[in-house]
1. Taking the condition of being touching a residue at least 12 places away in the same chain (Cβ under 8 Å) and part of a loop (DSSP other than H, G, I, E, B), how many residues in the stretch A:1-40 meet it?
2. Can you name the number of the only condition in (1) crowded, with 17+ Cβ neighbours inside 10 Å; (2) modelled with pLDDT under 80; (3) within 14 Å of another protein chain (Cβ to nearest Cβ) that A:Arg266 fails?
3. Need the failing condition index for B:Ala296 against (1) in contact with a Ser or Thr (Cβ under 8 Å, 6 or more places away or on another chain); (2) crowded, with 18+ Cβ neighbours inside 10 Å, just the number.
4. State whether the residues of the stretch B:139-158 include one that is closer than 16 Å to B:Glu73 by Cα, within 10 Å of another protein chain (Cβ to nearest Cβ) and in contact with a strand residue (DSSP E or B) (Cβ under 9 Å, 6 or more places away or on another chain).
5. So for the stretch A:165-178 (the condition being assigned to a helix (DSSP H, G or I), surrounded by fewer than 21 Cβ atoms within 10 Å (Cβ to Cβ), facing another protein chain (nearest Cβ under 10 Å) and in contact with a helix residue (DSSP H, G or I) (Cβ under 8 Å, 6 or more places away or on another chain)), does at least one residue qualify?
6. Considering each residue of the stretch B:372-431, count those that are in contact with a Pro (Cβ under 9 Å, 6 or more places away or on another chain), part of a strand (DSSP E or B) and polar (S, T, N, Q), and give that number.
7. Charged (D, E, K, R) and within 30 Å of A:Phe396 (Cβ to Cβ): which single residue out of A:Arg93, A:Arg44 fits that description?
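The values are calculated or read from the model by the stated rules, or taken from the named source; none is laboratory data. Because the structure is predicted, anything quoted here is derived from the model rather than measured. Neighbour counts are summed over all protein chains in view; Cβ atoms, including those assigned to glycine, are modelled from backbone coordinates with ideal geometry.
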Amino acid sequence: MSLFQANLWEINKSFSLRFLGAILGLSQAVIAYQWLIGTNSPLRFARQSTAVCWPVLSTCSWAKLLSPGIIDAAFWIFVVAVVLAILTFLFTRAAGVAAFLLWTASIFGFFLYTYDFRLSSNAGFLTFFFTFIYLLVPSKVFSFRFILFAAYLAFAFQKLNADWLSGYWILERLHGPEKLGEWLAALMALIELIAPATLLIKDGRYFWSGWLILIAYHATMIWMGMTHLSLLFMGILIFIALADLEDRKLEREYIYQSFIHPEPSRFWTFCILVIFAFCQLSSHFLWFRHNTSFQSLAGLLTPYPISLVEECHGKIWQVYENGWKESSFPDAEGRDNSMRCHPYLRFLDLKAECQVLKDKPGFKTLAAIFESEKLFEGTSHVHFQSADLCNQQYQFSDVGRVKWNTKHGL
Amino acid sequence: MEYEARTLKWYWVAALIFYAAGCIYLLLRENPLLYSQGTLKSEQMQKKSEALLPWPPPSSQFELEKKSLGPQESWPYLGEGHLNMTSPEVTRNKTYTEFKTYPLKAEFHGKVHVLIQSDQNVYLTDEDGKIYFFDSLGTLQWTYGMDDSSELEQVLLDQALLYLIRKNGTVTTIDISNGRPHWELNTDRPLFGEAWLENDTLILPVKAFPEKDSKKKSKKLSSTLLKIDRRTGVYQGTSEGFDFNEAFHQVKVPHSDLRILYSGADLVAVPKVTDDWKPVWSTTLPENLSGELVIADGQIFAVTESNHLYALNLKKKGDVAFDIDLDIPPGGPLTYLPEMDRIAYLGKNATLRVVDIKKKQMAWKFDLSIKGSLREIWTARLKGAYIQEFGMRWVYKGWTIWSPCREQHFCIYNPERGQLIQRIALSGDPISLPTVYEDRLIVLVKMPSGGLALSHLLDPGELRKAQAKEATETK
């Protein structure tokens with residue numbers, strides 16, 4: 001209980017933190033809006049016969065026990081709570097009520113977000129990640145400076161590859177000269193690597209130059225179509241600027257926080273930073289790289305690369321009692337671009353297809369092969385292959401152990 | 001918090017500079033050549049052709065039930081070089097009797113046509129692109145449904161695999177013993193000619209991209225030949241192709257080392273088995289070809305779009321030996337009649353036309369009043385007794401014309417005078433040439449009810465054996 005009180009005290013005393021609460025609420029509201037109008041929505045998935053489990057869960061049949069009515073109700077509670085939270089944060093000083101509303105919205109929103117793996121996205125991941133840090137971790141201004149820096153670095157490291165540096169992603173949006181795309185890509189990676197470091201510096205010259213560069217960078221990203229994520233980052237940048245101004249005001253007034261209230265602990269900030277950094281780097285360590293369960297867990301705190309120049313091909317056959325029939329992979333429409341070639345999602349798409357086809361006369365199973373090709377490297381990788389994909393015993397954890405011609409007696 | 005110290009210490013500035021330098025180093029390490037979009041694309045294109053890999057990978061493919069793939073099955077069934085003739089070594093009875101018909105039971109969608117026939121088996125396809133494999137007793141062994149990503153262009157068959165070759169250059173092989181896909185290779189190049197099997201390799205002509213395929217930039221060819229391992233689908237290499245304006249056809253020259261490729265008005269002779277397919281000779285006719293070439297006795301017979309028959313001399317690099325106008329437009333391929341220097345064909349109007357190529361004139365014609373759709377004929381040798389009985393010349397060795405005739409019949413004619421030798425009754429109209437299995441003809445027929453069936457025609461000896469066997473089984 002004291003943890004909640006300490007967090008509420010922090011939020012209550014600072015206008016900048018109330019502003020941050022409104023920004024995080026706004027980001028959740030954008031997610032709710034996208035679910036309301038889009039096809040990639042829990043409201044729609046609740047009405048489908050199968051759920052797509054998150055990689056960390058071995059089963060998610062519980063999701064199907066909930067009727068669409070329950071999901072609808074959870075969604076509308078989420079919407080109402082988040083709208084009220086934004087209004088309370090912005091227009092009242094009732095930080096306790098606002099935090100309670102944001103808690104309610106976040107719990108319902110996060111429940112819906114985790115309801116189906118197809119809903120995962122960078123914007124969703126960061127919104128809920130930042131919200132829970134905001135609500136739970138003390139010393140919030142300090143935490144957000146470092147967490148924001150860590151998030152920028154995570155995205156920047158995703159850009160340090162040929163897929164991004166070729167400028168392909170930028171030229172798809174700008175249609176300019178090739179060299180321009182290449183230089184802009186390099187410049188943007190450098191901005192994400194260097195500019196956030198200045199946010200940790202108290203010297204105004206460094207702080208404000210870095211801040212302005214990042215604001216301009218996000219304005220450009222919004223112009224190029226990456227709206228939600230950039231708006232979220234811009235909101236947090238404005239919060240950091242407000243917090244810095246607040247800090248300077250306190251300094252001028254010679255009021256020490258420790259005099260009013262004990263200095264909040266920074267222990268949790270460092271814990272989260274270490275876990276976050278470890279998740280980003282886990283794929284570089286040999287043992288962790290080959291541990292599917294750990295990779296699934298680390299994947300929860302790892303953003304998707306936004307610029308993979310990757311093509312994926314899949315081929316499926318419906319196997320009937322008297323023959324085989326070529327078929328096409330289920331559509332990935334409405335899904336985040338970075339997840340079109342996601343092997344686990346594609347695997348689960350096919351498991352869902354098994355459920356759809358199981359009552360068709362003579363249907364036995366699905367045979368499938370799925371591979372992706374890294375265009376720049378010219379290499380392709382077969383992610384999974386099976387001549388009996390509908391076999392109950394064949395799960396994603398068996399991928400790699402099961403070949404096309406293997407009978408699944410796992 | 002040390003609010004007093006807002007000015008940055010020199011060592012923090014140095015750390016920031018080192019950090020920025022590290023970031024720039026990382027950036028340059030990841031993109032040392034500062035690849036541009038254009039470089040990326042060319043890298044992609046180059047590596048893609050090197051990385052052509054079949055699905056599934058060879059290590060994961062199923063074992064084939066038949067160990068040996070064997071040679072390419074000849075199609076059309078009756079003979080090499082589109083001769084439409086049964087073996088010259090075998091003489092036949094004129095009397096064939098329908099022993100039984102075996103209905104083909106399957107849910108066909110739309111019009112059905114024959115994909116390929118082999119020995120006693122038949123592969124059919126319907127408008128949905130589904131392939132049906134029936135054995136000689138009309139039992140459906142398996143089906144294979146193709147998606148509509150690209151139109152099926154050609155089918156090849158050997159003793160273990162059925163090769164489905166699509167317009168977009170994708171090859172899918174099916175294990176004929178169980179109907180399971182064995183491998184698939186997407187070449188990402190449109191097909192540009194008729195593929196063939198050679199030793200352990202599938203030769204696949206695809207559209208050439210001269211800037212990539214030709215080392216000499218000046219030499220621009222319209223096609224490239226991809227060599228693919230028949231057993232695993234592994235891409236083995238590329239050879240320079242040929243310069244035709246349109247996709248080409250090809251036919252092996254019987255009893256020769258040559259293969260003739262043709263498209264539009266052009267014909268090119270290349271070695272049958274080679275690595276570089278360098279043309280031996282080439283020739284161009286005054287107008288475009290229509291239909292298939294027939295190659296026999298050192299001559300190539302070709303019909304053009306304006307129904308002109310050309311005979312080209314194989315020994316003289318394809319020089320035109322003679323040409324004549326055909327009065328009746330061919331409705332199907334030509335059939336060469338050995339020993340008597342005659343060509344026969346069925347016209348679009350179901351008239352059987354025989355051309356004397358020695359005298360370079362029309363010999364005789366006869367309206368066969370065919371009710372069915374088949375416009376193909378074949379030639380076979382009759383036994384000596386019939387040569388005597390029907391007053392045929394011994395020098396012609398009993399070669400006769402076998403053709404669909406009237407309603408639900410095959411007829412045998414003497415090619416010399418058009419004399420009717422025999423009528424063979426069927427239960428339906430034949431829709432493709434028969435396959436010949438020892439002394440048995442297996443014919444795909446369309447029954448009056450509209451269904452399809454396999455009709456077994458037996459010569460008297462075979463018929464007696466089959467009836468006796470059936471009686472024993474009944475007991």
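1. Number satisfying all stated conditions: 4.
2. (1)
3. The failed condition is (1).
4. Quick first cut of the stretch B:139-158, residues closer than 16 Å to B:Glu73 by Cα only: B:154-158.
Adding the requirement that they be within 10 Å of another protein chain (Cβ to nearest Cβ) leaves none.
There is no residue in the stretch B:139-158 that is closer than 16 Å to B:Glu73 by Cα, within 10 Å of another protein chain (Cβ to nearest Cβ) and in contact with a strand residue (DSSP E or B) (Cβ under 9 Å, 6 or more places away or on another chain).
5. Yes, the stretch A:165-178 contains at least one residue that is assigned to a helix (DSSP H, G or I), surrounded by fewer than 21 Cβ atoms within 10 Å (Cβ to Cβ), facing another protein chain (nearest Cβ under 10 Å) and in contact with a helix residue (DSSP H, G or I) (Cβ under 8 Å, 6 or more places away or on another chain).
6. 2
7. The conditions single out A:Arg44.
Residue-by-condition table, conditions (1) surrounded by 19 or more Cβ atoms within 10 Å (Cβ to Cβ); (2) modelled with pLDDT of 90 or more; (3) in the same structural domain as A:Lys358 (by TED's automatic domain parsing):
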{"residue": "A:Ala6", "(1), (2), (3)": "no, no, no"}
{"residue": "A:Leu24", "(1), (2), (3)": "yes, yes, no"}
{"residue": "A:Thr39", "(1), (2), (3)": "no, no, no"}
{"residue": "A:Thr59", "(1), (2), (3)": "no, no, no"}
{"residue": "A:Leu65", "(1), (2), (3)": "no, no, no"}
{"residue": "A:Trp76", "(1), (2), (3)": "no, yes, no"}
{"residue": "A:Leu87", "(1), (2), (3)": "no, yes, no"}
{"residue": "A:Thr92", "(1), (2), (3)": "no, no, no"}
{"residue": "A:Thr114", "(1), (2), (3)": "yes, no, no"}
